[in-house]
Amino acid sequence: MDVKTATDVGRVRENNEDALWVSERCLVVCDGMGGHVAGEVAAGLAVEVISSFPFGAGEPEQEILEAIAQAQARILEESGRNKHFQGMGSTITLAWISEPSEQGERKLIVGHVGDSRCYLYADGVLEQLTSDHSVVGELLRSGTITPLEARTHPKRHILTQVLGSAEIEPELITRKLQPGALVILCTDGLTDVVDDDLLQQALQQDFHSSNLAQKLVDLANDRGGPDNITVITAKV
């Protein structure tokens, strides 16, 4: 698996409240939110918990849900202990990718809370695997608004659940990966300014770039970079 990562503060923000982590099997992006420094604390705590979780002992689906639950508990614990961190939260998108079978096929399992995203790019087609846990995401899924309207909707940054919410219901997605497929994890610093059509065009053009993740971060910055941007790409 060829994994590349890139993160950047963007062109507007002063602090980078995103966090990422990669291991032999796992890829994680988190986008923190809260008051002064609380967002980066929340994202950092989530990554700290995930990076220390003993993956590989049981069923990957259950391990992913348990790891996310532990990250949730850790953020709530710290939020309750320190008044400066009250109300802090973080998105999490965690992808686990299996070893290849004899035929080269792999299994992808994604655990997800918030509006960071996981995409699959295969055979020239881009597919968003995760759902945005946001007010606008709900409106889109109900057909109340169009994707074009969603891009400028005044409530597009209001999330319906994050790590640190009173209750969470993580989304779990499973896919089969054929050799040559690309998995992308990213925070909304990318997708707020690079829509799916533009992202697919960029992938078609730069798929063989030496650091595709950095190319996508640069693309977001070229379009104003209004938020922190974090991208992980994994070619299988």
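Taking a Cβ cut-off of under 13 Å around residue 122, the surrounding Lys, Arg, Asp and Glu residues balance to a net charge of +1, with basic ones at +1 and acidic ones at -1. Derived scalar couplings between HN and Hα for the range 127-142 equal 10, 7, 7, 8, 9, 7, 8, 9, 4, 5, x, 5, 5, 5, 5, 7 Hz in order, rounded to whole Hz, by the Karplus curve 6.51 cos²θ - 1.76 cosθ + 1.60 (θ = phi - 60°), x for Gly and Pro.
For the range 28-113, the Cβ-based charge dipole about the Cα centre amounts to some 400 debye (Lys, Arg positive; Asp, Glu negative; other atoms uncharged). Think of it as helices only: each DSSP H run of n ≥ 4 in the chain is worth -39500 (n - 2.57), and spread over all residues that comes to -9500 deg cm²/dmol at 222 nm.
Probing with 1.4 Å while keeping every protein chain in the model, the per residue accessible area of the range 37-158 equals 48 Å².
Nonpolar atom fraction for the chain, defined as the carbon and sulfur part of the 1.4 Å probe accessible area, stands at 47 percent.
Across 135, 113, 22, mean-square fluctuation computed from a Gaussian network of the chain (C-alpha pairs under 10 Å connected) peaks at 135. Can you work out the base-10 log of I(q)/I(0) for the range 4-52 at q = 0.22 1/Å, using the Debye formula on its C-alpha atoms alone? Evaluating at q = 0.22 Å⁻¹ gives log10 I(q)/I(0) of -0.78. Using Cβ point charges alone (K and R +1, D and E -1), the dipole size of the chain about the Cα centre works out to roughly 200 debye. Close lysine pairs were tallied over the chain: pairs 8 or more places apart or on different chains with Cα atoms under 14 Å apart number 5.
Among 16, 82, 221, the largest mean-square fluctuation in a Gaussian network model of the chain (Cα springs under 10 Å) belongs to 82. For the range 180-188, backbone phi angles converted through the Karplus equation (6.51, -1.76, 1.60; θ = phi - 60°) give residue-by-residue couplings of x, 6, 10, 9, 10, 10, 7, 8, 6 Hz, Gly and Pro being listed as x.
The values are calculated or read from the model by the stated rules, or taken from the named source; none is laboratory data. Source: prediction; values computed, not measured. Please note: Cβ atoms are built from the backbone with ideal geometry, for glycine as well, and neighbour counts cover all protein chains shown. These accessible areas exclude ligands, DNA and RNA; they are computed on the full protein's heavy atoms, side chains included. Shrake-Rupley method; radii C 1.70, N 1.55, O 1.52, S 1.80 Å.
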